[in-house]
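K.L.:
I'd like to ask you about the structure that follows.
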Amino acid sequence: MTAISLIVNGERVEAEVPARLHLADFLRERLGLTGTHLGCEHGVCGACTVRLDGAIVRGCLVLAVQAEGCVVETIEGVSDSGELADLQEAFWRRNALQCGYCTPGMMLAAADFLAHAPDPTDRAAIRAHLSGNYCRCTGYEAIVDAVEATARARRAA
Amino acid sequence: MNGADRPIGRAMARPDARRLTQGRGLFASDIALPRMVHAAFLRSPYAHAEIGAIDLAPAREMPGVVGVFDAAALEGRCAPWVGVLTHLKGLKSAPQYPLARGRVRFQGEPVAMVVAASRAEAEDAAERILVEYEPLAPVVDPLAALAPGAAAIHPELGDNLAFARTIEAGGGAAAVDAAAERVALEFDFARHTGVTLEPRALVADWNEGEQRLTVHLGTQVPHMFQTVLATLLGLAERQIRVIGPDVGGSFGIKIHVYPDEMAAVAASRILRRPVRFVADRLESFTGDIHARGHRVSARIGVAEDGRIEGFAVDDLTGVGPYSAYPRTSAVEANQVINLVGGPYDFAHYAARARVVFQTKAMMSQYRAVGHPIATAVTEALVDEAARRRGIDPVEMRRRNLIADDAYPCASPAGMKFEALSHHACLDELVRLMDYDALRAEQAGLRARGVWRGIGIASFIEITNPGAAFYGVGGARIAAQDGATARLDAAGDVVLHAGATEQGQGTTTILAQVTAAAMGVDPARVLVKLGDTDATPYGGGTWASRGAGVGGEAAFRAASALRENVLALAASILQAAPEALDIRDGVIVDAAGGAERMSLAELARIAHFRPDTLPQGVEPALVASRHYVPREYPFAFTNGVQAAVVEVDAETGFVRLLKHFVVEDCGTIINPLLVDEQIRGGVVQGLGAALFEECRYDSEGQMLNATMADYLVPMAAEMPDIVIGHVCTPTRESHIGAKGVGEAGTAAAAAAVLNAVNDALAPRGARITALPITPARVLEALGIG
Amino acid sequence: MKPAPFDYVRAGSVAEAVGLLAAHEGAKLLAGGQSLLPALNFRLSAPGLLVDIGRIADLRRIDVTATMLRIGAGCTHAMLLDAPEIAAHAPLIATALAHVAHPAIRSRGTIGGSLANADPAAELPACMLALDATIIAEGQAGARRIAAADFFTGLFETALEPGEILTAVEIPLVPGRRHGFAELARRHGDYALVGLAAAAEGEAVRLGFFAVGHAALRAPAAERALADGAAGIEAACAALAEDLPAHADPEISAPVRLHLARVLLRRVMKECLAP
């Protein structure tokens, strides 16, 4: 067991964890932050996407011990802080989610895109950036619409 | 009742979806209960083997372990099940147990279960279990499995033929073959699996004190599982509560009885504590039901003028070693031969379906059951016949689709159609996609060596099934659905219903339907689903029945509540009930609309001041109704899709440029949700067209059982999808809604197959296998 | 799929990491973890100890000297995509990295990890071949320099000795070097079916093929034909039959693979040899 100390959604968290516990399981099982989902544990589906020191990562491919001293943000944190409010509204309005299982990871990936893309209204670029987030329900178009709409609204603001 | 600003027909966002954007869903895999332990399984590495000695002892010593079980340890805890239905004549299957007994018959079959304090510890212990296997010859090819002398997987069944059925109509095969033009094609459709993003998950919680079992189960059909668990565990139904939390995708995967789930539930009862089982992704690939692996030989006979004389089809499918329970592994093939040729007017039909046991993953119903295969076969034959007759594909369909005024009628296979709109849909498609402009563009690009293809696929789709589907075969699967509508103490409406939510928007459309019947805004309706202790018995969601059947039950219950409310209001206001109406939550004069009293006020009186009511008046502010379609076994919908593709003739890669759908699903309760169901369904079909296949080797091992190797559609390869509608309500219900959840999947792959063949036609190349991989395209072009 | 249990230690320096590897048989290095962790989750790998080198600052440097670009093995793909030094001196790497997996993987995956893992379908090994890179490895016996051409020896095999750590790559600075890159993948970000990373310096062309066999490899016969410039493209395509192994997999047959390699060679050379 290893002692770790990190910041999760703005709160300092201290815990003793087995080395093999990945960050997504740490968040879900130890901290009850179940908004981060597990879809494959291969690093392929994107359902476990969280932010680590400001960058999006696969929660299933980072060990909790590797997050020592880091700042972790999950969907609950970025939702409650209001950071994603316009994106959430756009997703909701456009029905860019159905079962909701991919949604936390998808939104974090979309937020990453909106923050860094040279032209965030470019639909092909949106699709490429989200190409690592699997959705079985929506067929993706509504998600692309919601991200594009958010980008346009931010540009106009 | 209908119209853009009225509840039915309103494109409103789902009130219950906001929390999902906040990460505040509650999925079965999120549920943690006190003293909960975790199940993991040791699974067979062989497709077929005798099980020798099993030594569980090394697992028992491992840290965190509270229980280790094999089939012997579960003896008497869970009855075996047999997946047959009497109306599928001749369907046979052997009993299946939660843990393998004596033999393993598919790779991944659960052999032993460990329950421990954490999933990781359960897996550590499972690795320590010693099992002796003596491999047997795997059965991996349906034809080989049927060959005379082939070893039967279940010797007591005699052979490996699970089910066979033939249909003959008109002049049969002879008439088809006597036609002026005869096209014969051989098709190969790959096996698929659902790849729901949330794997199968449950928490089973046996309460020893109450002698009751609560199962939090990611499912489409909580009542079915209540009944199944009672039957298999030897309990009364009232001892079982199934709660359906949020479900991270199902598409038919989560309506079947799985051995690992039954074992985990049994463990909870034995251990007297909650047991969580979540299938991981590797287990899901070999453990979830598969579907769609078919080989089809088919012919179309066409007259000189392009009129279709008939179809002949021979469908062969290999399933798993058992027929799935309780919905069987025979329905898909049965539907294939029921549906081939469906949209068209023709007289002669000959069909055979054979379902064959194999030592591969289990197989059963998955979104659009059988339709993708029937549609691909039909539409490819129609296109090829058109090509040979020099007829444009749209024109070919105009000559042959059943006329829009020919209804009611029945197909040669016996499918009864109430009223369809094939021509209206085709006309709308041609307009929507600007077909002529696309053809002109295609011709121009062809001259420059760019290979565009346009493919059309007309289709019919089964929705709103009645009891003809399962009930008549002896399955305790409800075709009816129930709803209870109640006025609460504040005058708002609460609806409990047996239909269920997996993200398609059931909760929202039931609120809309209830609001329409009651005369209130949907925001004032609370919908509660998915709890067998609280929601009326219903079939849940499958075969696209949620809106048409569940919605109608809700409408009737809410209409009955409305009558009761008006009866009470009439007694309070000393008016005639027929002279009153409810509009926007207020009881008004039907003529003139003068406001008389609010629902809130009525509710206050009924709940808190019944002493002020006239003598003999008893408020009945709750009403329950159930609905089942009676006249038509299914409410068929229809539509047409088109795919526009570009084929890179050097690399064999196919790019999906755009996709079009015109769909007639009757009354549209919520256009936003309907269109998104169509889009999601289309993309599943596009996955089938280009990417998805379960690959097996000769030892019955699935070769690509990981997320990296089984290719699901991702955002970068998918096109935008343009959608239009025609509306032909069903007259079997008040709301007139048919289903739409599977329509996209029914024809998307067929449209792409036709589009690719349209692109390759000038090169004399043709493909009749899915998925259309680059290797297949290059092979068709004579490369490599 | 939870990993089997293992111990974990964070190394503060390369020397410390080398010592830990020597002291613990079966220990594995953890850098980005984007290849290792899936293997652990699948229980394909069950090391007793993970030595985390992900925080060693020395491994995350990018330096430019008069003659070469030195990239620390711990640089993540995301860092390299953003680095002006890469854009200026080895843009082939940035071009290739856009095809590697997805953003959330690129924020953790490292160049050292990718090269040491030596997946035959990976992009960066082929880029190192095309750029004539030198790989720096450190072990108990000190530091070693290994030419990229000698580094990728087989299926997930490299010239690294047990206990050695890949610490940096050095790429010669070549003003006016042109590059070309193409890969065929079923879906964006997937491992390639066939791929080509190429660099041209004057008349010399280096071709780094990937997903063509057990390891990334050069195509010397094709490269010789390309000394004739664009006129040599067809001869180079013919020569590929000699350079590339006949490699079949469940996706594509050997003849199809060769055909696709030729298609890529034509497409890349059009880009790369353009004046």
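K.L.:
So, in the range B:82-134, exactly how many residues are under 13 Å from B:V65 (Cα atoms) and not polar (S, T, N, Q)?
P.N.:
16
Here's the yes/no breakdown for (1) more than 12 Å from chain A (Cβ to nearest Cβ); (2) charged (D, E, K, R):
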| site | (1), (2) |
| --- | --- |
| B:P614 | yes, no |
| B:A623 | yes, no |
| B:R695 | yes, yes |
| B:A708 | no, no |
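K.L.:
Test of understanding: among A:T150, A:T103, A:T121, which residue is of a type in the set (V, I, T) and farther than 20 Å from A:I75 by Cα?
P.N.:
A:T121
K.L.:
Now for a separate question. With the requirement that a residue be in a loop (DSSP other than H, G, I, E, B) and within 23 Å of B:L381 (Cβ to Cβ), what does the range B:327-362 give you?
P.N.:
B:V340, B:G341, B:G342, B:P343, B:D345, B:F346, B:A347 - these are the residues of the range B:327-362 that are in a loop (DSSP other than H, G, I, E, B) and within 23 Å of B:L381 (Cβ to Cβ).
K.L.:
Tell me, please, whether a residue that is of a type in the set (A, V, I, L, M), over 29 Å from A:M106 (Cα atoms) and at pLDDT 95 or above can be found in the range B:29-36.
P.N.:
Yes, the conditions are met somewhere in the range B:29-36.
Okay, residues lined up against (1) closer than 25 Å to B:P222 by Cα; (2) away from chain A (no Cβ under 14 Å):
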position: B:R452; (1), (2): no, yes
position: B:G473; (1), (2): yes, yes
position: B:I477; (1), (2): yes, yes
position: B:Q480; (1), (2): yes, yes
position: B:A499; (1), (2): yes, yes
position: B:Q502; (1), (2): yes, no
position: B:G519; (1), (2): no, yes
position: B:D531; (1), (2): yes, yes
position: B:A534; (1), (2): yes, yes
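K.L.:
In addition: Does the range B:544-560 contain at least one residue that is assigned to a loop (DSSP other than H, G, I, E, B), closer than 30 Å to B:A201 by Cβ and outside the structural domain of B:L229 (by TED's automatic domain parsing)?
P.N.:
Yes: one or more hits.
K.L.:
Let me spell it out: the conditions are (1) over 30 Å from B:F634 (Cβ atoms); (2) in a helix (DSSP H, G or I); (3) modelled with pLDDT under 95, and B:A569 meets all of them except one. Which number is the exception?
P.N.:
(3)
K.L.:
When residues of the range C:3-43 are filtered for being crowded, with 22+ Cβ neighbours inside 10 Å and facing another protein chain (nearest Cβ under 7 Å), how many remain?
P.N.:
Number of matching residues: 6.
K.L.:
Just the residues that are free of Cβ contacts under 8 Å to residues at least 12 places away in the same chain and in contact with a helix residue (DSSP H, G or I) (Cβ under 7 Å, 6 or more places away or on another chain), please, taken from the range C:236-252.
P.N.:
C:A248, the sole residue that qualifies.
K.L.:
Can you tell me which residue is farthest from C:L30 (Cα to Cα) among those in the range A:1-23 that are within 11 Å of another protein chain (Cβ to nearest Cβ) and under 16 Å from the mean Cα position of the chain (by Cα)?
P.N.:
Applying the filter and picking the extreme gives A:N9.
K.L.:
Find the residue count for the range B:766-780, including only residues that are among the aliphatic types (A, V, I, L, M) and either touching a Cys at 6+ places or on another chain (Cβ under 8 Å) or outside any helix (DSSP H, G or I) (or both).
P.N.:
So the answer is 4.
K.L.:
Residues to consider are B:V382, B:V394, B:V377; find the one that is touching a Pro at 6+ places or on another chain (Cβ under 8 Å) and surrounded by 16 or more Cβ atoms within 10 Å (Cβ to Cβ).
P.N.:
After applying the criteria, what remains is B:V382.
K.L.:
To continue, here is another question. Go through B:H256, B:H192 for me and flag whichever is under 30 Å from B:L711 (Cβ atoms) and within 14 Å of chain A (Cβ to nearest Cβ).
P.N.:
B:H192
K.L.:
Among the listed residues B:N704, B:N638, identify the single one that is on the phi < 0 side of the Ramachandran plot and touching a Pro at 6+ places or on another chain (Cβ under 7 Å).
P.N.:
Being on the phi < 0 side of the Ramachandran plot and touching a Pro at 6+ places or on another chain (Cβ under 7 Å) holds for just one of B:N704, B:N638, which is B:N638.
K.L.:
Could you say which residue among B:M362, B:M433 is of a type in the set (A, V, I, L, M) and under 27 Å from the mean Cα position of the chain (by Cα)?
P.N.:
B:M362
K.L.:
So, one more: Being in contact with a Ser or Thr (Cβ under 6 Å, 6 or more places away or on another chain) and assigned to a loop (DSSP other than H, G, I, E, B) is the filter here; which residues of the range B:294-326 pass it?
P.N.:
B:V319, B:P321, B:Y322, B:S323, B:A324
K.L.:
Could you identify the single residue in B:T508, B:T484, B:T500 that is part of a helix (DSSP H, G or I), modelled with pLDDT of 95 or more and of a type in the set (S, T, Y)?
P.N.:
B:T508 is the lone residue from the list that is part of a helix (DSSP H, G or I), modelled with pLDDT of 95 or more and of a type in the set (S, T, Y).
K.L.:
Do any residues in the range A:60-74 that are of a type in the set (S, T, Y) have Cβ atoms under 8 Å from those of residues that are crowded, with 24+ Cβ neighbours inside 10 Å, where the two are at least six apart or on different chains, and which pairs are they?
P.N.:
The qualifying pairs are A:T74/A:L27; A:T74/A:G35; A:T74/A:T36; A:T74/A:V50; A:T74/A:P104; A:T74/B:G23.
K.L.:
Further question: Do we find that B:V82 is of a type in the set (V, I, T), surrounded by 17 or more Cβ atoms within 10 Å (Cβ to Cβ) and not assigned by TED's automatic domain parsing to the domain that holds B:M702 in this structure?
P.N.:
no
K.L.:
From the list B:A590, B:A643, B:A649, pick out the single residue that is more than 29 Å from B:P762 (Cβ to Cβ), among the small types (G, A, S) and over 21 Å from the mean Cα position of the chain (by Cα).
P.N.:
Every option except B:A590 fails the conditions.
K.L.:
Also: What residue, of B:V82, B:V68, is among the β-branched types (V, I, T) and in contact with a Leu (Cβ under 8 Å, 6 or more places away or on another chain)?
P.N.:
B:V68
K.L.:
Checking B:H256 against (1) touching a strand residue (DSSP E or B) at 6+ places or on another chain (Cβ under 9 Å); (2) within 22 Å of B:P95 (Cβ to Cβ), which test does it fail?
P.N.:
If we test B:H256 against (1) touching a strand residue (DSSP E or B) at 6+ places or on another chain (Cβ under 9 Å); (2) within 22 Å of B:P95 (Cβ to Cβ), just (1) comes out false.
K.L.:
Against the condition surrounded by 15 or more Cβ atoms within 10 Å (Cβ to Cβ), more than 22 Å from the chain's Cα centre (by Cα), in a strand (DSSP E or B) and modelled with pLDDT of 95 or more, how does C:L50 come out, does it pass?
P.N.:
The answer is yes for C:L50.
K.L.:
Here's another thing I want to ask about it. Does C:R43 fit the bill of being in contact with a helix residue (DSSP H, G or I) (Cβ under 8 Å, 6 or more places away or on another chain), under 26 Å from A:I126 (Cα atoms) and touching a residue at least 40 places away in the same chain (Cβ under 8 Å)?
P.N.:
So C:R43 does not fit the description; no.
K.L.:
I'd like the full set of residues that are part of a loop (DSSP other than H, G, I, E, B) and crowded, with 23+ Cβ neighbours inside 10 Å, limited to the range B:19-43.
P.N.:
Correct list: B:G23, B:G25.
K.L.:
Say we look at the range C:264-275 and pick out the residues that are at the interface with chain B (Cβ under 10 Å from one of its Cβ atoms) and touching a strand residue (DSSP E or B) at 6+ places or on another chain (Cβ under 7 Å); which of these is farthest from B:E779 (Cα to Cα)?
P.N.:
C:R267
K.L.:
Please give the number of the condition B:A59 fails out of (1) buried (at least 23 other Cβ atoms within 10 Å of the Cβ); (2) under 30 Å from A:E89 (Cβ atoms); (3) hydrophobic (A, V, I, L, M, F, W, C).
P.N.:
The number of the failed condition is (2).
K.L.:
Looking only at the range C:93-103, decide whether some residue is touching a Phe, Trp or Tyr at 6+ places or on another chain (Cβ under 9 Å) and away from chain A (no Cβ under 12 Å).
P.N.:
Within the range C:93-103, one or more residues are touching a Phe, Trp or Tyr at 6+ places or on another chain (Cβ under 9 Å) and away from chain A (no Cβ under 12 Å).
K.L.:
Looking at A:A124, is it without any contact (Cβ under 8 Å) to a residue 24 or more places away in the chain, over 28 Å from B:V661 (Cα atoms) and aliphatic (A, V, I, L, M)?
P.N.:
Here the answer is no, as A:A124 does not meet what is asked.
The values are calculated or read from the model by the stated rules, or taken from the named source; none is laboratory data. Remember, predicted model here, so these are calculated numbers, not experimental data. Here the Cβ is made from the backbone with ideal geometry for all residues, glycine too, and neighbour counts use every protein chain on show.
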